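Following: one structure in structure tokens, then a few remarks.
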Amino acid sequence: MSRWRRLPRRWKFLISLLTVLALVAGPVAVTTGFLAYRFNDLVGRDDVLGEAAALPAITEKPEYTSWLRRSSSSAPPVVPGAAAAAARNVLVLGVDTRKGWTAGQSRSDTIMLVHVDGTGSAASVVSIPRDSYVFVPPVAGRWAGGKTKINSAYAWGGAPLVVQVVSHLTGLRIDHVVRVDFAGIRTITDVVGGVDVTVARTVHDKRTGVTFRAGKHHLDGRLAEVYVRQRYGLPNGDFDRVKRQQQYLRALARKVTSLGILTNPIRMDAFVSAIAGSLVVDSGMNLVGMFRDLSGLRPDDLSFTTLPSDGFVRSPAGTANRLDPEACADLFAALHTDTMESYFVSRPAFDGTTGA
């Protein structure tokens, strides 16, 4: 499993489009402290966790959290490490708010759970596909309650409802929330002069008319947005899109590092401004302290995986991804007990090298 190599205690967040960005911005924000305070002042904030806590409690029995009582497999129960209580879970939402859409039409097509372990020595990023078939509680005038695609939760109840749904699904406490609009990808990518990715096979995006041929590509902001948003035309649909998003994040982090942005205050200021203008964080997130704790983090110190599925099912919103009960229970148990390193021993993390 990739690790945050023996660095002083830290924790990070922006991993869907921002986890990596804050991650690589951290070192200079420490050396040029005013940038951390500038970033802290520029980002949007709201009380999403407070609003989530105020929602009516979900009474539906969780499906994938048998590990709260015992291990989901025949192996001995996993005992949480001494530092497990200090682990943190950050929910990152990539939000699609296209021009002309009402608030109810918006979707969160990128959902990632970033788990930072209790010792600050490792981080795992779990992508939750938009079509995952999960329980969403009743929403007055919008939804009677039941199982449907997880991305519907954002349209019906915004980020607070997504927090509640993900917490119920995984059995985990959500400590912080970061939201970024997909449109921000253009600005962020162009600020660093584009990123390089490798495509496994030639695919065509009918929605935009763009064809990505097999091989290496240099993506400017426009192409990067197309690349991470494409779903139709990919062999495995949303699963391939998740892989692309994870690949893009690693490529972006590597580009920022290679350009020396971390040691150039002027370029760093432009980069920080681009990031800040693209996201909203929960009101309790201390970005200045986070930047201090982040010094030393590197792009290769990230581990990616995806919520396990074992087929498809018809939902009120169309075909959805049926979650694998045992595999999900094992993943959630590893997150809950802060034992992701052991989890990845038999399930290699996505290396982020080649996208669909």
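The values are calculated or read from the model by the stated rules, or taken from the named source; none is laboratory data. Here the structure is a predicted model, which means the values were calculated and not measured. Note: ideal-geometry Cβ built from the backbone for every residue, glycine included; neighbour counts use all protein chains shown.
For the stretch 112-128, the set of residues classified as of a type in the set (S, T, N, Q) and in a strand (DSSP E or B) consists of 124, 127, listed by residue number.
Going through 270, 274, 327 one at a time, which residue ends up being in contact with an Asp or Glu (Cβ under 9 Å, 6 or more places away or on another chain), assigned to a helix (DSSP H, G or I) and modelled with pLDDT under 85? Matching residue, one of 270, 274, 327: 274.
To keep it simple, each residue is scored yes or no on (1) out of contact with any helix residue (DSSP H, G or I) (no Cβ under 9 Å at 6 or more places or on another chain); (2) closer than 24 Å to residue 123 by Cα; (3) touching a residue at least 24 places away in the same chain (Cβ under 8 Å); (4) of a type in the set (Val, Ile, Thr).
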position	(1), (2), (3), (4)
187	no, no, yes, yes
191	no, no, yes, yes
198	no, no, yes, yes
208	no, no, no, yes
227	no, no, yes, no
239	yes, yes, yes, no
244	no, yes, yes, no
249	no, yes, yes, no
266	yes, no, no, yes
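If the condition is being among the aliphatic types (A, V, I, L, M) and part of a strand (DSSP E or B), then the stretch 299-324 contributes 313, 320, 323. I'd like to know if the stretch 229-237 contains one or more residues that are over 19 Å from residue 95 (Cβ atoms), free of Cβ contacts under 8 Å to residues at least 24 places away in the same chain, exposed (fewer than 15 other Cβ atoms within 10 Å of the Cβ) and not polar (S, T, N, Q). No: the stretch 229-237 contains no residue that is over 19 Å from residue 95 (Cβ atoms), free of Cβ contacts under 8 Å to residues at least 24 places away in the same chain, exposed (fewer than 15 other Cβ atoms within 10 Å of the Cβ) and not polar (S, T, N, Q). Listed by first and then second residue, the pairs with beta-carbon distance under 7 Å, at least 6 apart or on different chains, first residue in the stretch 110-133 and within 26 Å of residue 152 (Cβ to Cβ), second among the acidic types (Asp, Glu) and surrounded by fewer than 24 Cβ atoms within 10 Å (Cβ to Cβ), are 129/238; 130/109; 130/238; 131/238. Just for the stretch 115-131: of the residues that are surrounded by fewer than 24 Cβ atoms within 10 Å (Cβ to Cβ) and polar (S, T, N, Q), which one is farthest from the chain's Cα centre (by Cα)? Among those residues, the one meeting the criterion is 119.
Can you work out which of the residues in the stretch 185-209 that are more than 27 Å from residue 271 (Cα to Cα) and of a type outside the set (Gly, Ala, Ser) is surrounded by the most Cβ atoms within 10 Å (Cβ to Cβ)? So the residue we want is 203. The number of residues in the stretch 46-87 being in contact with an Asp or Glu (Cβ under 8 Å, 6 or more places away or on another chain), modelled with pLDDT under 90 and not in a helix (DSSP H, G or I) comes to 6. Scan the stretch 252-263 and tell me whether some residue there is assigned to a helix (DSSP H, G or I), more than 20 Å from the chain's Cα centre (by Cα) and of a type in the set (A, V, I, L, M, F, W, C). Checked the stretch 252-263: at least one residue is assigned to a helix (DSSP H, G or I), more than 20 Å from the chain's Cα centre (by Cα) and of a type in the set (A, V, I, L, M, F, W, C).
In the stretch 283-319, the qualifying residues are those that are surrounded by fewer than 18 Cβ atoms within 10 Å (Cβ to Cβ) and among the acidic types (Asp, Glu), and the one that is modelled with the lowest pLDDT is 300. Scanning the stretch 240-261 for residues that are surrounded by fewer than 19 Cβ atoms within 10 Å (Cβ to Cβ) and of a type in the set (A, V, I, L, M, F, W, C) yields one hit, 259.
Looking at this structure, is residue 124 closer than 16 Å to residue 331 by Cα, of a type outside the set (A, V, I, L, M) and modelled with pLDDT under 90? When the stated conditions are applied, residue 124 passes them.
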